[in-house]
Amino acid sequence: MPITAEQACAELNALLRNTALLSSCGNLLSWDEQTCMPPAGAEHRANQAALLAGLAHDWATAPRVGDLLDLLEAAVPAHDPDSPLAVTVREARREYDREIKRPRRLVEELSRLETLAQQAWIDARKQSDFAAFLPWLEQIVALKREEAQALFTGGVLYDALLDHFEPGMTSDALERLFSPLRAELVPLIAAIQDSPRQPDRTLLERDYPIDAQRAFATAAARKIGFNFEAGRLDEAAHPFCSDIGPGDTRLTTRYNARHFPGAFFGTLHEAGHGIYDQGLDAAAYGLPMGSAVSLGIHESQSRMWENFVGRSAAFWRHFYPLAQAAFPAALKNVIAADFHRAINEVRPSFIRVEADEATYNLHILLRFELERPLISGDLKPADVPAAWNAAFHRDFGMTPPDAAHGCLQDIHWSFGGIGYFPTYTLGNMYAAQFFATARQQLGDLDAQFARGEFTPLRTWLTENIHRRGKQFPAGRLVEIVTGAPLSHGPLMNHLRQKFAPLYDLS
Ligand code: ZN
């Protein structure tokens, strides 16, 4: 007996929810792997992860899903493409078509390899031994190329991987966004370097007891709106935010008793991701309307709280007296203006995650430049260190002293995240554009921050971005919220307006 559209919709929703539930078990295992698991557990964890990934793949590619999509596509009213039903069908179709192109064997092999390669990468980075990681990188690149070929629909092979992280984005479009950004960033960074007025960063390298850092960062994350009744903050070597499901969002950070910014801004960053996840519509869990749009949009939320809010003078008008009370030995004789200048120091450095707001994007552009030939086959994994160092010298005027400060520094390639890096700079661009609009619509944001009021901005983000789930693709969402397509302009405006007074630029 044929079923009605309502029945088909209910059945599809149930299947999508189950797949999301199963995948979220994998997220919990992955969180455990990075926070608690003993190193010797890696092999067993790799088997668990591969089994779950294979099962989730089976469920996502069940022929019944395809049949229901066929049926619903005929029933979706064409006049309302943004309705929840139309969005579910559009996004579920996209996901289904992608998933059925990936053979289960490849899904399991990748999952196993990613767990083992991550452990190998941790050791290799510690020893700064690229040769030890090379065999793993070669396997990862080989499997990711195979995956890209399976998913390939024309154009550039790399785009098949990029599309997983930033749906609809292409390397040509990235090129058009990134080229003018680079052209304007390089002279700004040079002018900042040439300024005789440089901040004193040593005041951030004093005694910052870890217990006090934990309490201060937790209080700040709570103040900007991360709900600790529905989340927690733990430690990990490589900080991240993991959305386990409604009511359970996990943040991680890492502490250094002689360096304030790492854990504090890292926590604000991850809390920004967490606030996005906590702002999703729990009633639509597992469905496109209850899921994040893209990694780039996700990153825009973390960057906004970390940099646009957390590194602003207004934010510290509220928090600086609290910081002085929390870290009296380090800050009692430091005036707020000097602290603010120190946390906004622009200085070319080797490590991406420690980079300032301006040079950060050059780190990303470099990775984007290397990833494309890595996937096309024009760059061999063995040649990555030389290519990295040459590009780094060109962009930063210095050569990494070892692989740990160069091509071994990031975890991404070890977990197969090729195509992931561009979403970081996209996130900065989205953040700047959203923030400029929020400023126009919310009155005097600086005055609000100075009073410790962050609810208006958080509510605005939840209403305009979080609660919309995947209703609109990222590019359209930006146009709907800000009235203009994504461009590098708002980010450059933000950087110029911020750094000109700090560095006395004319
Ligand atoms: Zn992030």
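The values are calculated or read from the model by the stated rules, or taken from the named source; none is laboratory data. Computed from a predicted model, the values in this text were never measured in an experiment. Here the Cβ positions follow ideal geometry from the backbone for every residue, glycine too, while neighbour counts run over all protein chains shown.
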Inset, instruction - Taking residue 392 as the residue in question, decide whether it is in a helix (DSSP H, G or I) and either more than 16 Å from the ligand (Cβ to nearest atom) or of a type in the set (D, E, K, R) (or both). - result: yes
Legend entry - Lone qualifier among 297, 351 - being crowded, with 22+ Cβ neighbours inside 10 Å and either assigned by TED's automatic domain parsing to the domain that holds residue 460 or closer than 23 Å to residue 456 by Cα (or both): 297
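Looking only at the stretch 70-83, how many residues end up being in a helix (DSSP H, G or I) and surrounded by fewer than 18 Cβ atoms within 10 Å (Cβ to Cβ)? Quick ask: steps written out before the conclusion?
Applying the first criterion (in a helix (DSSP H, G or I)) to the stretch 70-83 yields 70-75.
Going one step further and asking which of them are surrounded by fewer than 18 Cβ atoms within 10 Å (Cβ to Cβ), we end up with 70, 73-75.
The qualifying residues number 4.
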Legend entry - Hits in the stretch 304-329 (condition: assigned to a helix (DSSP H, G or I) and within 16 Å of the ligand (Cβ to nearest atom)): 304, 305, 306, 307, 308, 309
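Might you let me know whether the stretch 337-350 holds any residue that is under 20 Å from the mean Cα position of the chain (by Cα) and within 16 Å of the ligand (Cβ to nearest atom)?
Step one: of the stretch 337-350, the residues under 20 Å from the mean Cα position of the chain (by Cα) are 350.
If we keep only those that are within 16 Å of the ligand (Cβ to nearest atom) too, we end up with none.
Within the stretch 337-350 (the criterion being under 20 Å from the mean Cα position of the chain (by Cα) and within 16 Å of the ligand (Cβ to nearest atom)), the answer is no, since none of the residues qualifies.
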Legend entry - Hits in the stretch 99-112 (condition: part of a helix (DSSP H, G or I) and either more than 22 Å from the chain's Cα centre (by Cα) or farther than 17 Å from residue 141 by Cβ (or both)): 99, 100, 104, 105, 106, 107, 108, 109, 112
Inset, instruction - Determine whether residue 64 is loosely packed, with under 14 Cβ neighbours inside 10 Å, assigned to a helix (DSSP H, G or I) and touching a residue at least 40 places away in the same chain (Cβ under 8 Å). - result: yes
Inset, instruction - Given the conditions (1) surrounded by fewer than 19 Cβ atoms within 10 Å (Cβ to Cβ); (2) at pLDDT 95 or above, report the number of the one that residue 264 does not fulfil. - result: (1)
Inset, instruction - Give the stretch 458-481 a look and list any residue that's charged (D, E, K, R) and touching a Pro at 6+ places or on another chain (Cβ under 7 Å), or say none. - result: 470, 479
Inset, instruction - Please specify each residue of the stretch 264-303 satisfying the condition of being away from the ligand (no atom under 11 Å from the Cβ), farther than 19 Å from residue 14 by Cα and hydroxyl-bearing (Ser, Thr, Tyr). - result: 267, 294
Legend entry - Long-range neighbours under 6 Å by Cβ, at least six apart or interchain, first residue in contact (Cβ under 8 Å) with a residue 40 or more places away in the chain within the stretch 450-477, second among the basic types (Lys, Arg): 450/317
Inset, instruction - Working only within the stretch 327-340, note down all residues that are surrounded by 18 or more Cβ atoms within 10 Å (Cβ to Cβ) and either at pLDDT below 95 or under 23 Å from residue 448 (Cβ atoms) (or both). - result: 339, 340
Legend entry - Count of residues meeting criterion [within 15 Å of the ligand (Cβ to nearest atom) and either buried (at least 24 other Cβ atoms within 10 Å of the Cβ) or within 19 Å of residue 312 (Cβ to Cβ) (or both)] in the stretch 243-261: 3
Legend entry - Residues of the stretch 424-454 classified as surrounded by 22 or more Cβ atoms within 10 Å (Cβ to Cβ) and of a type in the set (A, V, I, L, M, F, W, C), total: 8
Legend entry - Sole residue being without any contact (Cβ under 8 Å) to a residue 60 or more places away in the chain and of a type in the set (Gly, Ala, Ser), chosen from 231, 245, 225: 231
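Which one of these is of a type in the set (S, T, N, Q), more than 22 Å from the chain's Cα centre (by Cα) and surrounded by fewer than 16 Cβ atoms within 10 Å (Cβ to Cβ): 213, 198? Spell out how you get there, then give the answer.
On the way: 213 fails: surrounded by fewer than 16 Cβ atoms within 10 Å (Cβ to Cβ).
Exactly one residue qualifies, and that residue is 198.
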